[in-house]
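The values are calculated or read from the model by the stated rules, or taken from the named source; none is laboratory data. A quick note: this is a predicted structure, and the numbers were derived from the prediction, not measured. With ideal geometry, Cβ positions are generated from the backbone for all residues, glycine too; neighbour counts draw on all protein chains shown. For accessibility, only protein heavy atoms count, side chains too; no ligands or nucleic acids. Shrake-Rupley method; radii C 1.70, N 1.55, O 1.52, S 1.80 Å.
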Amino acid sequence: DKIISALVQYTRSNQGGLYVLNDEDTGNKYLELISLFAFDIKKHEKQRIKPGEGILGQAFLEKKTISLLEIPQDYIRIRSGLGNSKPKALLIVPLRIDQQVYGVVELASFNEFESHEVDFVERLGETIASTLATVKAAQRNRKLLEESKMAAEQMRSQEEEMRQNMEELQATQEEMARKERDYLTKIADLEQQLKDSTSNEELKEARELLDRLRADYEA
């Protein structure tokens, strides 16, 4: 708000808007009006403008300053104590650093913009772009840090789950080993009973029990 107010006053403009690129959704980027300076007006033409849409969107795509003295009749109106009038001059400056554009400044005036005013807005636009780049980088880093923390928490949770599974597996293996020892011991005892058995009936029962134990052991 302070920036657009100072720009309007320095350039003797009557209205100004500051648009910032919203690229949170890479498939739906748009310029969003975040600050407006005007006399007795609450809303500008549009709150959101897609890249390439209208004069403002064109300036964003071309990454070049647009200065107009012939303004479309219905493009913008300025309200003042003298009524509702079309501005005489329009200045649109991309907030650009290197080849990256972070937004657009739009100024409308009843006076023509002088060259030193245009130069000033362009230089200030670079400063604003640099600030926005720093803010966006900080936001990205914060988001990456949060995602990294979440990934670390998930990894710790997975490690804990794996540890519990390993403990359960180890307990299961120990139980299987104990049962295997019991089966082998019983089989060995029965085999010894078969050797020592004198009765056909005892021999038959021992063989049947031995066969069942061997089948259980194999299972």
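Things worth noting here:
- Every condition in (1) more than 16 Å from residue 61 (Cα to Cα); (2) open to solvent by 90 Å² or more (accessible area, probe 1.4 Å); (3) not small (Gly, Ala, Ser) is met by residue 98 except one, and the failing one is (1).
- Among residues of the range 1-17 that are free of Cβ contacts under 8 Å to residues at least 24 places away in the same chain, none has a beta-carbon under 8 Å from a residue that is surrounded by fewer than 20 Cβ atoms within 10 Å (Cβ to Cβ) at least six positions away or on a different chain.
- Check on residue 180, part of a helix (DSSP H, G or I), exposed (fewer than 12 other Cβ atoms within 10 Å of the Cβ) and either on the phi > 0 side of the Ramachandran plot or touching a helix residue (DSSP H, G or I) at 6+ places or on another chain (Cβ under 8 Å) (or both): yes
- Residue in the range 134-142 that is in contact (Cβ under 8 Å) with a residue 24 or more places away in the chain and surrounded by 10 or more Cβ atoms within 10 Å (Cβ to Cβ) present: yes
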